[in-house]
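A quick write-up on the structure given underneath.
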Amino acid sequence: MKILVTAGPTREHIDPVRFLSNPSTGKMGFSIAAVAQQAGHDVTLVTGPVFLRTPVGVNRIDVVSAREMQSRVIEQFPNFDVLVMTAAVADWRPQNKSSTKLKKGEMSDTLKLVRNPDILKSVKKLNDVFAGEAKYRKFVVGFAAETGAPVEEAARKCKEKGLDFVVGNDVTEKGCGFGTNTNKVVFVFPDGNVKQFPLLSKISVARKILEEITNQLAKNAKNGKIKL
Ligand code: CTP
């Protein structure tokens with residue numbers, strides 16, 4: 001399969017030396033890319049700024065902002081069978097970005113923000129067009145990193161973004177969240193079904209995600225929904 005994975009945070013620059021971002025380190029997305037490549041899939045990773053080595057054999061595209069990530073994902077999506085959207089995309093960006101360093105005296109105490117596009121919602125539109133032409137949809141997996149109610153939130157995002165399943169977690173739980181080597185996740189499906197997992201290494205979580213994708217695609221192929 002051809003698998004597109006996004007990882008890491010995005011940065012929304014105020015000026016060349018300041019930005020808004022989040023603590024994502026990219027470990028989950030890079031683990032998925034590594035596991036998929038080792039399983040023999042053709043993998044491309046679109047990543048925000050992270051300090052991780054590219055897994056051997058994985059094609060890497062570096063981006064900085066949410067809008068850059070959106071352009072690269074939209075450009076690549078038609079060539080892929082599966083998208084796994086692990087990236088922690090910044091939801092806002094500063095309304096104005098200065099090309100030179102802003103001096104303290106020039107800066108106001110309030111920062112005006114504007115909404116970034118939702119990448120998965122734009123992918124859904126593209127997938128609707130593709131489904132009309134090819135009579136099947138590309139497989140899309142989303143994430144939901146929450147501070148409480150991961151099942152409910154993942155279910156909402158699954159519906160709103162037209163996803164095949166959502167990997168939810170509660171970042172406040174021990175061993176979970178940004179920068180850890182472990183994670184405790186739940187898979188939430190469009191029909192409301194839920195699969196809970198114990199605390200596992202991120203590599204093991206990546207294997208579970210890949211296994212779920214492979215099984216579901218095999219089922220779709222058996223039902224004649226797609227040709228593999
Ligand atoms: N996502 C996206 N584009 C955005 C924000 C998020 O494609 N601008 C994707 C993430 O990569 C993830 C999923 O949407 O796969 C859920 O992201 P999350 O930040 O948890 O949710 P939001 O859509 O931002 O919703 P909320 O702020 O209500 O939690």
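We did not get these values from a lab; they are worked out from the coordinates using the rules stated. What you see is a predicted model; the values in this text were computed from it and never measured. Don't worry about glycine lacking a Cβ; one is built from the backbone with ideal geometry, like all the others, and counts go over all protein chains shown.
For region 129-158, the tally of residues that are without any contact (Cβ under 8 Å) to a residue 12 or more places away in the chain and either within 9 Å of the ligand (Cβ to nearest atom) or acidic (Asp, Glu) (or both) stands at 3. Restricting attention to region 52-75, does a residue exist that is touching a Pro at 6+ places or on another chain (Cβ under 9 Å), buried (at least 22 other Cβ atoms within 10 Å of the Cβ), without any contact (Cβ under 8 Å) to a residue 60 or more places away in the chain and among the hydrophobic types (A, V, I, L, M, F, W, C)? So far as region 52-75 goes, yes, one or more of its residues are touching a Pro at 6+ places or on another chain (Cβ under 9 Å), buried (at least 22 other Cβ atoms within 10 Å of the Cβ), without any contact (Cβ under 8 Å) to a residue 60 or more places away in the chain and among the hydrophobic types (A, V, I, L, M, F, W, C).
Taking region 53-76 as the range and being within 12 Å of the ligand (Cβ to nearest atom) and assigned to a helix (DSSP H, G or I) as the test, the residues that pass are Ala66, Arg67, Met69, Gln70, Val73, Ile74. The combined condition, being under 14 Å from the mean Cα position of the chain (by Cα) and more than 12 Å from the ligand (Cβ to nearest atom), is not fulfilled by Thr86.
It is to be established whether one or more residues within region 111-134 are among the β-branched types (Val, Ile, Thr), closer than 30 Å to Arg18 by Cβ, surrounded by fewer than 13 Cβ atoms within 10 Å (Cβ to Cβ) and within 19 Å of the chain's Cα centre (by Cα). There is no residue in region 111-134 that is among the β-branched types (Val, Ile, Thr), closer than 30 Å to Arg18 by Cβ, surrounded by fewer than 13 Cβ atoms within 10 Å (Cβ to Cβ) and within 19 Å of the chain's Cα centre (by Cα). Taking each residue of region 212-224 that is hydrophobic (A, V, I, L, M, F, W, C) and looking for partners that are buried (at least 16 other Cβ atoms within 10 Å of the Cβ) and part of a helix (DSSP H, G or I) with beta-carbon atoms closer than 9 Å, six or more apart or interchain, yields Ile213/Ala36.
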